1. Please note which helices (runs of 4 or more DSSP H) are completely contained in the range 475-542 and include at least 3 residues that are closer than 30 Å to F110 by Cα, open to solvent by 40 Å² or more (accessible area, probe 1.4 Å) and not β-branched (V, I, T).
2. So which residues in the range 332-382 are assigned to a loop (DSSP other than H, G, I, E, B), closer than 19 Å to I299 by Cβ and either open to solvent by 10 Å² or more (accessible area, probe 1.4 Å) or at pLDDT 95 or above (or both)?
3. When the range 104-149 is examined, which residues are found to be among the polar types (S, T, N, Q) and modelled with pLDDT of 80 or more?
4. What is the one condition in (1) of a type outside the set (D, E); (2) outside any helix (DSSP H, G or I); (3) modelled with pLDDT of 75 or more that S466 does not satisfy?
5. Here are some residues: D59, D55, D69, D51. Which one is open to solvent by 10 Å² or more (accessible area, probe 1.4 Å) and free of Cβ contacts under 8 Å to residues at least 12 places away in the same chain?
6. Can you name every residue in the range 27-61 that is within 18 Å of K116 (Cα to Cα) and either aliphatic (A, V, I, L, M) or touching a helix residue (DSSP H, G or I) at 6+ places or on another chain (Cβ under 9 Å) (or both)?
7. Do the conditions hold for K43, that is, is it under 25 Å from the mean Cα position of the chain (by Cα) and either open to solvent by less than 30 Å² (accessible area, probe 1.4 Å) or touching a residue at least 24 places away in the same chain (Cβ under 8 Å) (or both)?
8. Checking the condition open to solvent by 10 Å² or more (accessible area, probe 1.4 Å), out of contact with any His (no Cβ under 7 Å at 6 or more places or on another chain) and in a loop (DSSP other than H, G, I, E, B), which residue from E153, E126 passes?
Amino acid sequence: MNLEFNKNEDAYKQLISKLNSKTKQVKLGGGEKKIDAQHAKGKLTARERIDYLLDDVKDFVEIGAFVGDGMYAEQGGCPSGGVVTGIGHVQGRQCVIVANDATVKAGAWFPITAKKNLRAQEIAMENRLPIIYLVDSAGVFLPMQNEIFPDKEHFGRQFRNNAMMSSMGIVQVAAIMGSCVAGGAYLPIMSDEAMIVDKTGSIFLAGSYLVKAAIGETIDNETLGGATTHCEISGVTDNKYDSDQDCLDAIKKIFDKIGDYDKAGYNREEAKKPKLDEKEIYGLLPVDRVKPYEMREIIKRLTDDSEFDEYKADYGKSIVCGYGRVDGWAVGIVANQRTVVKTKKGEMQMGGVIYSDSADKSARFIMNCNQRKIPLIFLHDVSGFMVGSKSEHGGIIKDGAKMVNAMANSVVPKFTFILGNSYGAGNYAMCGKAYDPRLIYAWPTSQLAVMSGASASKTLLQIKVSAMKAKGQEVSEEDQKKFLAEITDKYNEELSPYYAASRLWVDGVIDPLETRKIISAGIEAANHAPIERPFNVGVIQT
């Protein structure tokens, strides 16, 4: 291997080390003391409950591990949004699991918690996956209720989703394993089955203090809404269990007897590992994101047997399209090429930029994948669409619109991975979050923003200086350098994949070596939901 490869590999391993360190910290939730307090009550933590349920812990695909990262500092933080969510197998059945983390503010709901819960439900609904709720929450975080309670995508939307999923025939099983208060009480009771752990589980619309304040009645929480009350008097819950483990075992018995599902019918053969070493991805991706690299070399380390059948290889070269398999599943791949390419007419095209010909090719390829019922994988390292008079006169906008139209109207499942840059309209055309990818993950080298840090910072500086001059304020060159440094630092922080993951713009930041696992789990999930609408792109700009 050459010196450049080794330099890249060393730098990437440092990024992986940072990722592993942040992941380890996030998995502690509210910290070791809070974990010990859970254990002292005879309770498992959210992650221990999930591990106990799963057939294979390594099989679990976590959604939103870094949600809340760096947010709510004044409130003491909210690791993972106070809830652990993901996709795994229970008794051989793939499902979504949602577990409140009582070590984080007693499992209270912050604004980002609501967003994360809704994301988990969205995944269950899109893929018609059964969903398990492990409830242990103090309810809405009252100091921020105005950001959680009243809007369309706030707290109440989850109960609407409960009802919708029920009508769709999606299995929902809930276990009350701690507090379940106020509006949150509806979530388990709107599920198909609601079980409760004796002595530690409780469910009521209003706790004992609020009951005393509201109607003057004096009563303890256990009598008000404990397991005995709801299993023997009210009939609100179905069965009670002596421990977390007993309750989780009962969930396993339910999943052991669920009937088979209707399948979408995506093509799968026996899985093969890539012939080329996946770990070489670390050395192939440049430390300096301005430097070119060959995207096909990345693709061949993600596909089975390193096979990739390219579509229109000699046309629209700034995007690479083609067919392959991942863990046996047939896939269509749309990826930004990062080398400088040359057209047949002798024109040079910059890597990572979408030109008219590449947009045109991608649109046709996406339509072909829909025609053949092949799931789509988008690999981002995109700076945007080509600008300038030549591109504008050549119709770059209508060609770009054609690509966006085909991608947005796709009926086959889409999965997005951000390897490097993901800027502006390039993010949109390559199936960014706004275009309903079933799953979207970022590699540690990724950046998401409307434009690069260097471009944005200089633009923002010009705006700031113009505004100051309009007020009659003089701005020295030294001040401009200071402002530029401040603006650049802030913007670069917002470019970070962890910033995106904390706000659920992506489902997580992953080691590139996890990409195949996520694609496979995602297509397996999508295979639960037969395609119900025809592929129709409407009016295509020609």
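The values are calculated or read from the model by the stated rules, or taken from the named source; none is laboratory data. Keep in mind the model is a prediction, meaning the values are calculated, not measured. Cβ: placed from backbone, ideal geometry, glycine included. Neighbour counts: every protein chain shown. For the accessible areas, the whole protein counts, side chains as well, though only heavy atoms, and no ligand, DNA or RNA atoms are used. Shrake-Rupley method; radii C 1.70, N 1.55, O 1.52, S 1.80 Å.
1. Filter on the range 475-542 gives 477-495.
2. Q337, R338, T339, V340, G351, I374, P375
3. Narrowing the range 104-149 to residues among the polar types (S, T, N, Q): 113, 117, 121, 127, 137, 145-146.
Listed by number, the residues that qualify are T113, N117, Q121, N127, S137.
4. Looking at each condition in turn, S466 falls short on (2).
5. Going through D59, D55, D69, D51 in turn, the sole match is D51.
6. Answer for the range 27-61, where residues must be within 18 Å of K116 (Cα to Cα) and either aliphatic (A, V, I, L, M) or touching a helix residue (DSSP H, G or I) at 6+ places or on another chain (Cβ under 9 Å) (or both): K27, G29, G30, A46, I50, F60, V61.
7. Details: under 25 Å from the mean Cα position of the chain (by Cα): no; either open to solvent by less than 30 Å² (accessible area, probe 1.4 Å) or touching a residue at least 24 places away in the same chain (Cβ under 8 Å) (or both): yes.
So K43 does not fit the description; no.
8. E153
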